[in-house]
Amino acid sequence: MNEEQYHSASHCKYLIQYHIIWCPKFRFSVLRGNVDIVLKQILYKICDSYRYKIKALEVMPDYIHVFVDVPQTVAPCDVVRTLKSISAIELLKIFPQLKQFYARCGVLWSRGYFVSTVEHISETTVIKYIEEQKSYQ
């Protein structure tokens, strides 16, 4: 890995990258139409605000893949919590039909998620995998 890919902070060099996947509640295919486009915009906005860098992102009808580079001070559970909570609030504001659809349970996202660290060697593999998700359906 070349030096430019590392980030610098006081007294350290680091590269922290996570592959994160989560689903809508009950894994319903609700991320269709304009919802996926708007969700991508929301996730990019959140990441800009929190100094996370999205390296790859794909929204499928029933799950989301994000490959993100984050500061060394942020725990993976905090990255996931931030992305899921803010995106749910924003999506439910913009799409009242989603709020109505999930009115019974009151939440948009499933409680669980997948997160994995990504080493430089597999970075290209993860990006390719995420980018190819739409073509597998």
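The figures follow:
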{"quantity": "Cβ crowding within 10 Å averaged over residues, with 29-37, 9-17, 82-90 ranked highest first", "calculated": "82-90, 29-37, 9-17"}
{"quantity": "Check: the chain dipole with +1 on Lys, Arg Cβ and -1 on Asp, Glu Cβ, in debye", "calculated": "720"}
{"quantity": "Leu57, Leu108 arranged by Cβ crowding within 10 Å, fewest neighbours leading", "calculated": "Leu57, Leu108"}
{"quantity": "Equivalent-ellipsoid semi-axes of the chain, from the Cα gyration tensor, Å, largest first", "calculated": "28, 17, 12"}
{"quantity": "Around Ala9: net Lys/Arg minus Asp/Glu count, Cβ-Cβ under 14 Å", "calculated": "+1"}
{"quantity": "Residue (of Ile46, Pro76, Ser29) at the positive-pole extreme of the stretch 15-136, dipole from beta-carbon charges", "calculated": "Ser29"}
{"quantity": "Net charge of Cβ neighbours under 14 Å - reference Gln72; Lys, Arg +1; Asp, Glu -1", "calculated": "+1"}
{"quantity": "Net charge of Cβ neighbours under 11 Å - reference Trp22; Lys, Arg +1; Asp, Glu -1", "calculated": "+4"}
{"quantity": "Mean separation of Cα contacts under 8 Å (6+ apart) over length of the chain, as relative contact order %", "calculated": "34"}
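Read the figures in this text as sums done on the coordinates, not as results from a lab. All of these numbers come straight from a predicted model, not from anything done at the bench. For neighbour counting, all protein chains shown are included, and Cβ atoms are generated from backbone atoms with ideal geometry for every residue, glycine included.
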